[in-house]
Amino acid sequence: MAKGEGKTSKERPVGTRRKSRELALQMLFQADMGKQSPDQVRKSFWSERKEMDESVRGFADDIFRLATERSEDIDKLIEAHAQNWRMERMAAVDRNVIRAAVAEFMGYPQTPSPIVINEALEIARKFSSPEAINFINGVLDSVSKDLAKK
């Protein structure tokens, strides 16, 4: 390949952390919309993805576990920073993108907040509407600043 003929950013393979975050979102969405328990979600979700790399699966499982175990705290925190929005009124994809990112803020405080936010926005660009990006960014920025004070 000649210089300058490399893959474009849209053709690059997704990194393992991004892939894990996307899978965690899908699991949260499945639990949310299917009204399934975390164990039911894990069982059905991973039965269809047996070939998944262990490091990708491990991080996805961690985010999902954190988000489901601390769901009450996470949802209260999100609602406190999503002015005039209740969780049930948010688009399902949007609320679960936010949940996953807040779970990562809480469970992986060593990961810089701007990275978590940027990853969440990139995932939202893939799975949500363009209009949702500013909303998700605003909520996550506010939540991250609040958590940094604690």
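The values are calculated or read from the model by the stated rules, or taken from the named source; none is laboratory data. Quick caveat, the model's predicted, so the values are computed rather than measured. Cβ sites come from the backbone with ideal geometry, for glycine too, and all protein chains shown count toward neighbours.
Listed values, structure above:
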quantity	calculated
Exclusive hit being touching a residue at least 12 places away in the same chain (Cβ under 8 Å), among the charged types (D, E, K, R) and either farther than 21 Å from ASP61 by Cα or surrounded by 13 or more Cβ atoms within 10 Å (Cβ to Cβ) (or both), set GLU131, GLU119	GLU119
Unmet requirement for ALA100, which otherwise passes all of (1) closer than 19 Å to GLN26 by Cβ; (2) of a type outside the set (Lys, Arg); (3) out of contact with any Lys or Arg (no Cβ under 8 Å at 6 or more places or on another chain)	(3)
Wholly within the range 9-114, helices (runs of 4 or more DSSP H) carrying at least 2 residues that are under 10 Å from the mean Cα position of the chain (by Cα)	16-34, 54-69, 92-107
Number of positions in the range 66-89 that are under 19 Å from LEU121 (Cβ atoms) and either buried (at least 21 other Cβ atoms within 10 Å of the Cβ) or at pLDDT 95 or above (or both)	6
Residue among GLU51, GLU104, GLU72, GLU88 that is farther than 15 Å from PHE135 by Cβ and touching a helix residue (DSSP H, G or I) at 6+ places or on another chain (Cβ under 6 Å)	GLU104
Index of the failed condition, ARG21 passing every other in (1) of a type in the set (D, E, K, R); (2) loosely packed, with under 13 Cβ neighbours inside 10 Å; (3) in contact (Cβ under 8 Å) with a residue 60 or more places away in the chain	(2)
